[in-house]
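The structure appears right after this line, and notes come after that.
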């Protein structure tokens with residue numbers, strides 16, 4: 001998923017193209033971590049941005065590698081050094097975006113009990129809505145949803161393991177819950193984007209805070225999501241606590257039973 005404004009070539013076209021946000025996401029992430037050759041990064045970014053721009057102008061099936069190369073200003077041999085075809089380019093760009101977004105809270109070491117950057121993700125996809133329409137038309141939205149759930153499940157699992165309020169969860173159960181939470185996040189996002197009143201102005205969206213019918217803001221969706229997450233975590237911790245208490249009681253009763261059955265005379 002391209003993460004910055006479409007290159008300047010778009011200025012010559014009258015049809016508006018959704019501005020995706022490579023730079024927007026990168027600004028949210030602290031500097032550091034694995035260094036990537038800047039020339040390689042620029043090349044891959046240019047190719048990804050070119051493909052995303054073309055997908056909003058014509059069906060994905062009609063986009064050719066040569067058109068991507070012409071738009072990006074990249075040679076054919078360079079393209080095939082990094083990718084096998086346009087599908088490989090699309091999936092690679094999508095995975096880059098999902099990896100950066102899903103790991104956002106972990107990278108910036110956010111001091112909160114949020115397990116996923118729901119507010120940021122919803123605000124971002126709202127700006128990408130024309131692009132998401134293009135993904136649906138190309139039957140690529142399934143890749144976005146499936147890969148998104150995988151990346152966010154891993155990040156949520158790691159986040160739950162780091163937060164004090166949830167680190168005592170059983171590891172296997174924590175991982176299972178993380179996958180469920182990731183699926184819920186994307187289900188909520190699809191519902192949110194499909195609302196007929198999507199795109200209302202800020203003043204209209206604020207009606208949702210007072211029970212109106214306007215679309216909830218990304219901030220409200222973030223709150224709703226994390227209420228659901230922590231309700232589930234609390235329930236699991238309470239269940240584990242009760243099970244532990246029952247095991248302890250059963251152990252004491254077993255010991256008492258053995259003492260009662262002990263013969264009085266040798």
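The values are calculated or read from the model by the stated rules, or taken from the named source; none is laboratory data. Small disclaimer: the values here were computed from a predicted structure and weren't measured. Cβ sites come from the backbone with ideal geometry, for glycine too, and all protein chains shown count toward neighbours.
Could you grab me the full set of residues in the stretch 90-105 that are under 15 Å from residue 146 (Cβ atoms) and surrounded by fewer than 18 Cβ atoms within 10 Å (Cβ to Cβ)? Within the stretch 90-105, 91, 95, 99 qualify. Comparison of 169, 193, 185 shows that the only residue that is at pLDDT below 95 and within 24 Å of residue 111 (Cβ to Cβ) is 169.
Tell me which residues, restricted to the stretch 111-138, are part of a loop (DSSP other than H, G, I, E, B) and in contact with a helix residue (DSSP H, G or I) (Cβ under 8 Å, 6 or more places away or on another chain). Correct list: 112, 113, 114, 115, 116, 117, 138.
Checking the stated criteria, residue 155 turns out not to satisfy the condition of being in a loop (DSSP other than H, G, I, E, B), in contact (Cβ under 8 Å) with a residue 40 or more places away in the chain and crowded, with 21+ Cβ neighbours inside 10 Å. If you check 127, 110, 120 for being closer than 17 Å to residue 222 by Cβ, touching a strand residue (DSSP E or B) at 6+ places or on another chain (Cβ under 8 Å) and surrounded by fewer than 20 Cβ atoms within 10 Å (Cβ to Cβ), only one passes: 127. For the stretch 88-110, name all the residues that are farther than 21 Å from residue 52 by Cβ and outside any loop (DSSP other than H, G, I, E, B). Matches in the stretch 88-110: 105, 106, 107.
Restricting 234, 240 to residues that are surrounded by 14 or more Cβ atoms within 10 Å (Cβ to Cβ) and either under 23 Å from residue 158 (Cα atoms) or at pLDDT 95 or above (or both) narrows the list to 240.
Within 24 Å of residue 55 (Cα to Cα) and surrounded by fewer than 21 Cβ atoms within 10 Å (Cβ to Cβ): does that describe residue 195? Yes, satisfied. Number of residues in the stretch 51-85 that are surrounded by 14 or more Cβ atoms within 10 Å (Cβ to Cβ), assigned to a loop (DSSP other than H, G, I, E, B) and over 29 Å from the mean Cα position of the chain (by Cα): the value is 1.
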